[in-house]
Each structure stands twice: as C-alpha cells, then as structure tokens.
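Enquirer: My questions will all concern the structure given below.
Any read-out appearing in this document is the output of simple, stated calculations on the displayed coordinates, not a laboratory observation. Values in this document were obtained by computation on a predicted structure and should not be read as measured data. For neighbour counting, all protein chains shown are included, and Cβ atoms are generated from backbone atoms with ideal geometry for every residue, glycine included.
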Amino acid sequence: METVSEVASQRAPEARCSEGIAVFQLGRGATGFRGAKDDPLPETDLQAFRAAWHTAARIADGRVGEFVPQMYPRSFHTATVADRSGTHAVLCHAHLPLVAFATDRQSGYVDGFRAPPIWSNPFTDAGFTVMSVHLLNSPLSQVDTSDLRPAEWAQIRSWRATTLGEVLFNSWD
C-alpha cells in the first residue's frame with residue numbers, strides 16, 4: 001500500500017518536503033470557497049480535461065458518457081466513461097488540476113472513490129494529478145493545508161470534513 005508521502009513525492013507541484021518527508025500540499029481554492037476579500041479562485045482548464053477524457057475513453061476501448069459541469073454548490077465537474085467493466089465517474093476539481101475516480105456520480109464525496117483505471121494516463125499527460133484512493137482517504141492531519149484561507153477553514157469546520165477527498169470533492173453550501 002502506498003503512503004501519502006510516496007504519492008505526494010510523485011506529484012511535484014502539489015508536494016513539498018518537510019524534514020525529509022514529502023507532504024501533499026492542498027492549494028487555495030481546494031474547498032471551492034473564498035472570502036469576500038480574497039482573489040478569485042483559479043479555474044481548471046476544461047478544454048484540457050475534455051481532451052484527456054476523450055483520449056482516455058478511446059484507450060479504454062470505451063465511450064464518453066455525460067459531462068456535468070460544476071455548478072454551485074459542487075466543487076467539481078463530473079464526466080463518465082463506459083468500458084467493458086462498467087461506467088466510471090471521473091471527477092475534475094473546478095479550481096485545481098486534480099482528477100479522481102468514483103464508483104458512481106454523486107453530488108459530493110465522503111467515500112466511494114475508486115482506484116484510477118489503467119487508462120487514466122491521458123489526464124496526467126494533460127497536466128492533472130490523478131489521485132489514488134489512499135491519498136483521497138488521507139486524514140487532513142497528513143496534508144499541508146497552509147495555503148487554505150480562513151473562509152475555507154470555516155467550511156471545513158462547519159462540515160466536519162476529516163479527509164482530503166471530502167474537502168476536494170464536496171457539495172457544501
């Protein structure tokens with residue numbers, strides 16, 4: 001089983017070293033919230049995501065399904081790919097270049113994440129970090145949250161989020 005440190009060390013843009021231990025760095029906008037005086041949140045490159053989604057479906061010998069754009073209160077876009085093993089929900093964070101896979105489409109995720117399929121490489125090639133189930137289920141105490149703003153912490157506390165996946169792929173209002 002991979003550790004948070006092992007996963008983070010493979011993801012240079014989202015990782016930093018602290019006393020020789022790599023830590024996944026959660027960027028500003030991870031919750032999808034910002035304070036009234038905070039700068040606008042960055043937007044994920046949807047054109048790059050859609051291109052990777054179509055490429056992944058071809059590699060899977062499958063077909064693209066529905067694309068559901070992020071709408072308040074969700075913090076992510078959802079797309080599906082159907083292959084011989086079934087339908088896969090592909091989650092794309094709306095503000096950070098992060099991709100995860102889930103067992104089915106939901107409005108928010110506390111669990112239900114699945115391992116990235118073997119055809120997930122196009123997302124990495126397009127500049128997205130493809131997240132493992134282990135990393136998504138990691139406690140926030142094992143994540144560098146120093147870039148989060150007070151408005152984001154207020155939401156995390158309000159919703160009692162305890163894992164990285166809960167924070168990233170939520171439907172908080």
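Enquirer: Among (1) surrounded by fewer than 21 Cβ atoms within 10 Å (Cβ to Cβ); (2) part of a strand (DSSP E or B); (3) among the small types (Gly, Ala, Ser), which single condition is Ala79 missing?
Expert: (1) is the only condition that Ala79 fails.
Enquirer: If you scan the range 60-84, which residues turn out to be of a type in the set (D, E, K, R) and in contact with a Gly (Cβ under 9 Å, 6 or more places away or on another chain)?
Expert: In the first step, residues of the range 60-84 are kept if they are of a type in the set (D, E, K, R); the result is 61, 63, 66, 74, 83-84.
The answer is Arg74, Asp83, Arg84.
Enquirer: Are any residues in the range 66-76 over 19 Å from Ala115 (Cα atoms) and either part of a loop (DSSP other than H, G, I, E, B) or not charged (D, E, K, R) (or both), and if so, which ones?
Expert: Across the range 66-76, the qualifying residues are Phe67, Val68, Pro69, Gln70, Met71, Tyr72, Pro73, Arg74, Ser75.
Enquirer: I would also like to ask the following. Taking the stated definitions as given, is Ala48 part of a helix (DSSP H, G or I), more than 10 Å from Ala79 (Cβ to Cβ) and in contact (Cβ under 8 Å) with a residue 60 or more places away in the chain? First the steps, then the outcome.
Expert: Working: part of a helix (DSSP H, G or I): yes; more than 10 Å from Ala79 (Cβ to Cβ): yes; in contact (Cβ under 8 Å) with a residue 60 or more places away in the chain: yes.
Answer is yes for this residue.
Enquirer: A follow-up question, please. Give the residue that is surrounded by the most Cβ atoms within 10 Å (Cβ to Cβ), with candidates limited to residues of the range 56-73 that are within 18 Å of His93 (Cα to Cα) and touching a Phe, Trp or Tyr at 6+ places or on another chain (Cβ under 8 Å).
Expert: The selected residue is Ala56.
Enquirer: Which residue, of Asp61, Asp39, is in contact (Cβ under 8 Å) with a residue 12 or more places away in the chain, over 15 Å from the mean Cα position of the chain (by Cα) and part of a loop (DSSP other than H, G, I, E, B)?
Expert: Result of the check over Asp61, Asp39: Asp61.
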